[in-house]
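Take a look at the structure set out below.
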Amino acid sequence: MNFCFIRKNLKLKDTKMSKKFPAYLLTALIYIFCTASFIFASDASVILAELNRLKIKVIGSIQPQDSEFPAEFNGPYWGLLANVCKQGGYNLDAYAGKKAKIVNLPVNNPARTLNVVAFSCDEKIVCVYFVDSTTVPGMEPVVNSKK
């Protein structure tokens, strides 16, 4: 059975709805695509705006990755991260256990090899800090001058 045979024998009522169906379908698809693009782009836009405000020039494009904060900020990594963020003027306590987006990008700085890491949660910047792989512990606060 080919498609043409099925189409000839398929009889749709000639109603206003059947004539408008392709237009409704197209409108719905455009709406879904635009909404999804806005949702995924919003985290990147928020992070990019914050990096620009802080005058941090990055190499590459911003591609936020899914992450999740722990229930408590303790231990070698999360305890240090919370402390570095606090030094920069960010407070992670309100975001414990929440989902977040993270970006880790190289910084355009010929004097030092640095990366910048930015966390966002609910379309708000939660913390921004530098990572210097040549030092220990390697995390340096980025001061949030917006306070």
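The values are calculated or read from the model by the stated rules, or taken from the named source; none is laboratory data. Remember, it's a predicted structure, so these values are computed and weren't measured experimentally. Please note: Cβ atoms are built from the backbone with ideal geometry, for glycine as well, and neighbour counts cover all protein chains shown.
Values as computed for the structure displayed
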{"read-out": "First in segment 34-59 and over 17 Å from P106 (Cβ atoms) and modelled with pLDDT under 90, second anywhere and loosely packed, with under 13 Cβ neighbours inside 10 Å and not hydroxyl-bearing (S, T, Y), Cβ under 6 Å, 6 or more apart", "value": "S42/E123; V46/E123"}
{"read-out": "Of the criteria (1) modelled with pLDDT of 90 or more; (2) closer than 30 Å to A111 by Cβ; (3) aliphatic (A, V, I, L, M); (4) not in a helix (DSSP H, G or I), which one A71 fails", "value": "(2)"}
{"read-out": "Any hit, segment 79-93, residues being among the hydrophobic types (A, V, I, L, M, F, W, C), at pLDDT below 90 and surrounded by 13 or more Cβ atoms within 10 Å (Cβ to Cβ)", "value": "no"}
{"read-out": "Residues that are among the basic types (K, R) and under 19 Å from the mean Cα position of the chain (by Cα), drawn from segment 56-97", "value": "K57"}
{"read-out": "Residue match in segment 129-138 (condition: under 17 Å from the mean Cα position of the chain (by Cα) and closer than 21 Å to A44 by Cα)", "value": "yes"}
{"read-out": "A94 in a strand (DSSP E or B) and farther than 18 Å from R53 by Cβ", "value": "no"}
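For (1) free of Cβ contacts under 8 Å to residues at least 60 places away in the same chain; (2) assigned to a loop (DSSP other than H, G, I, E, B); (3) at positive phi; (4) surrounded by fewer than 17 Cβ atoms within 10 Å (Cβ to Cβ), each residue gets a yes or a no:
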site	(1), (2), (3), (4)
K101	yes, no, no, no
N104	yes, no, no, yes
T113	yes, yes, no, yes
V117	yes, no, no, no
I125	no, no, no, no
V136	yes, yes, no, yes
